[in-house]
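Right, one structure below, let's go through it.
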Amino acid sequence: MTIKRRDEFSAKVIKALERRVNGFCSNPDHRVPTSGPNTIATSSTSIGQAAHICAAAPGGPRYDPLMSKEERASIENAIWLCNNCAKLIDSDTKRFTVVLLRQWKAQAESTAQFELGRPQVSRSDYELMRSVALGDTAKLSIPHAVSAICRMTSKEMERKDPRFVIDVSHVNNQTSITYKAKENVPFTVHVNEPFLFEFSEKFTGLVHHGRDVKISSKAITLEGSPLFEDINDKEGRLVLSTNARREAVLTLEAPGNDSGVSCYLAELRGEVVAGTKSFRFEGACFGGIFQLELECNMQNDEVKTTVELKFDTWCGKAVSTLPYFDKVLKMYSEFFTDSKLKFILEVGGLHVATGFGKLNDNAGVNCLFFLRYIRNVRSISSHTGIPILFTDNFSIAKNDYDIVDEIHERLMFQDISALVFNPTMQLTPLDGKSDAYSEQFVDSKMHEFVLVQEVESLEILGQKLDALKIITRFSKAMLRLTGKKNGESVEVEIVPANDCALSTRIASA
């Protein structure tokens, strides 16, 4: 009987081989852990082995007769595999060649070196990835899956460069990645030729005024961190921001009455951003609908104020239930009075500045007219019971604007005190009855009058309304000639008595 001599690995080689791949199978498509706990507290279970790349004895898989005994038993001829993969490579030597196995080994050691000291994928993250990969997302809510994937991406990026905290978010099919340096990170910016002027101007704004640099990612190339390689390869928009930001609160007050006590309008929460020449406050209130930016030039104390309305949260809602509408309208109405508003700025709970200012830009005036139009539409919707949905994607014809404004004014006629002036109308006597009209109606005793005004169909916020009738009732009033004539017609005004009951309503025509 002939006994084949095998050139086996020493215990020292086997132990080093396993540790160099962190105990994982070296098959890149498998990479399972090969050891774990046993029911015996002092023992463990191993399903891994040190496999020969070139066989340990003649006739074995991939045997190389030119190798020396020492070379066959060396760690260079060994690859760590699980028991299944070890049997697999010896069963198909044409597929699992020496070259391929050496590639597996090099890749496994490289991966283990990268993963050294870094946390592995958690079980929950693994289950999530498995569900997404296999299309089994029924058990996962989409927001949960997106949030978890963003979190996993953040962790992986932070492993590349621990000097940064990474925030990854995905909203409206757009992915945003925020890099926040935990320490001073030196880096180099190479600006591409077509963007030199644009970048120079915006970077100056960042330094002097703390304004973000927003520019195409194609404009610059960053060097100084492995993370920048991902930025340089992506198409999108790059934003550079300053860390000189602090949470702040801005209180707005309107001039009060003769007592001098100011009237509170709103409290905006946001942050103060500082540059070398100016600082500015950016904040919002009323659920983010009202946004304000206040910039103060530290060289001449000049203050610029810009406001903006964000109607996103209103779109699709009934105008009668728009959140914060009355407060927003009051705010804008105060902005365009002759008096200046009072600004009180606090940073970190400490009073920093108090100032006065007013807003007179055309965009703001247009917003005020728009808000008043919505106020009038709300009045019509409330009185008619017709649901009208808000949208900011429409145009207003001047005639429709005037009609809606007139209807609103008429609906305000609910008592005599609401009348600023007496309503007028044209009176046309029948042929031969002029004297009788004057004797019966004009400058005579009190009567009940009902005014009916028909309004043709009109379009409000892109929604067509059928014809309406505005009906105003005076319980006790008289007619008085104004002296104006138009052909055979004469103008008369309705003069209500002191105890006259007044009411206005809208009905379908």
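The values are calculated or read from the model by the stated rules, or taken from the named source; none is laboratory data. Predicted model, so just to flag it, every value in this text is computed and none were measured. Reconstructed Cβ throughout: ideal geometry from the backbone, glycine too, with neighbour counts over all protein chains shown.
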Checklist entry - Which strands (runs of 3 or more DSSP E) sit wholly inside the stretch 10-126 and have at least 2 residues that are assigned by TED's automatic domain parsing to the domain that holds PRO162, crowded, with 18+ Cβ neighbours inside 10 Å and more than 57 Å from the chain's Cα centre (by Cα)? => result none
Item to check | Residue that is farthest from LEU206 (Cα to Cα) [pool: residues in the stretch 307-322 that are free of Cβ contacts under 8 Å to residues at least 40 places away in the same chain and surrounded by 13 or more Cβ atoms within 10 Å (Cβ to Cβ)] | outcome: THR313
Next on the checklist: Six or more apart or on different chains, Cβ atoms under 8 Å: show the pairs whose first residue is in the stretch 25-48 and in contact (Cβ under 8 Å) with a residue 12 or more places away in the chain and whose second is among the aromatic types (Phe, Trp, Tyr) and not in a strand (DSSP E or B).
Outcome noted: SER26/TRP104; ASN27/TRP104; PRO28/TRP104
Item to check | Output for the stretch 312-332, where each listed residue is within 11 Å of GLY287 (Cβ to Cβ), modelled with pLDDT of 90 or more and not in a helix (DSSP H, G or I) | outcome: TRP314, LEU322, PRO323, TYR324
Checklist entry - Which condition number does LEU341 fail, the rest of (1) crowded, with 17+ Cβ neighbours inside 10 Å; (2) more than 29 Å from GLY205 (Cα to Cα); (3) among the aliphatic types (A, V, I, L, M); (4) in contact with a helix residue (DSSP H, G or I) (Cβ under 8 Å, 6 or more places away or on another chain) being met? => result (2)
Next on the checklist: Restricting to the stretch 482-502, name every residue that is touching a residue at least 24 places away in the same chain (Cβ under 8 Å) and loosely packed, with under 13 Cβ neighbours inside 10 Å.
Outcome noted: THR482, ASN486, GLU488, ASN498
Checklist entry - Looking at SER43, SER68, SER74, SER91, which one is out of contact with any Phe, Trp or Tyr (no Cβ under 7 Å at 6 or more places or on another chain) and under 15 Å from SER10 (Cα atoms)? => result SER74
Checklist entry - Pick from SER278, SER262: which is more than 14 Å from VAL328 (Cβ to Cβ), at pLDDT below 85 and either among the basic types (Lys, Arg) or in the same structural domain as GLY357 (by TED's automatic domain parsing) (or both)? => result SER262
Checklist entry - Would you call GLY236 exposed (fewer than 13 other Cβ atoms within 10 Å of the Cβ), under 24 Å from THR175 (Cβ atoms), in contact (Cβ under 8 Å) with a residue 12 or more places away in the chain and within 27 Å of the chain's Cα centre (by Cα)? => result no
Checklist entry - SER169 passes all but one of (1) surrounded by fewer than 16 Cβ atoms within 10 Å (Cβ to Cβ); (2) assigned to a helix (DSSP H, G or I); (3) among the small types (Gly, Ala, Ser); which number fails? => result (2)
Next on the checklist: Given the criteria part of a strand (DSSP E or B) and out of contact with any Lys or Arg (no Cβ under 7 Å at 6 or more places or on another chain), does LYS342 qualify?
Outcome noted: yes
Checklist entry - When VAL249 is evaluated against the numbered criteria (1) in a strand (DSSP E or B); (2) within 20 Å of the chain's Cα centre (by Cα), which criterion, by number, is the only one it fails? => result (2)
